[in-house]
Amino acid sequence: MAKSKCIGKENPRGFCYRTGEILSLLREAKIASSQRQSHEALFFYDEVIKQDPENKAAWWGKGCEYLYLRVHDNIKQYIKDELKCYEMTLHLNDEKDYYFTWFEKAVVHEEVGQIAEAILCYERFIELCDEADRDDLEDCARRRVIKLSENRVGWGCSNEVLICAVICDA
């Protein structure tokens, strides 16, 4: 069977998509997200990922929507999906540009009681914060690792620093 001609862009895995359509879908997702319509935004991100499974912006945006649902709407059912989005974000991007993804992963692991994984993610985040010269975030993560290691509760850092858990719009 002959391969059909791609009218648009073909990625290394052979998926064909129309660049303009992808950009339109991403724009719609961003609009829905800015209006706090997370389920609608997730729909648009999923449409992008169907056409371009390696779309960095879609994976990151999708993870941010799951984060919003978990934190603001207290919906915990998407934790595995949120972690998958963070894994894909780190896989497809230079982790130095997405270092805060390690913090997000740590928080999710901690929330589900996977303390060893949380500590590893915080430690990677600390390493990358040092390179990015983000002492405020690095200090917060260091205090978190100490508390987790000692099985203590509480964050040990201000809410302003914890807002880094919601830097998806940055």
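A short reminder: the numbers here are calculations on the coordinates, not readings from a lab. Treat the numbers as computed from the prediction; the structure is a model and nothing was measured. All Cβ positions, even for glycine, are placed from backbone atoms using ideal geometry, and neighbour counts span all protein chains on display.
Some observations on this one:
- In this simple spin-label model, placing a label point 7 Å from the Cα along the Cα-to-Cβ direction at both residue 74 and residue 130 gives a separation of 3.9 nm.
- Taking 0.36 nm per residue of separation and subtracting the Cα-Cα distance, full extension of the segment from residue 81 to residue 40 would add 13.2 nm.
- Over the Cα atoms of the range 10-122, the radius of gyration divided by the Kirkwood radius equals 0.99; this is the Rg/Rh ratio.
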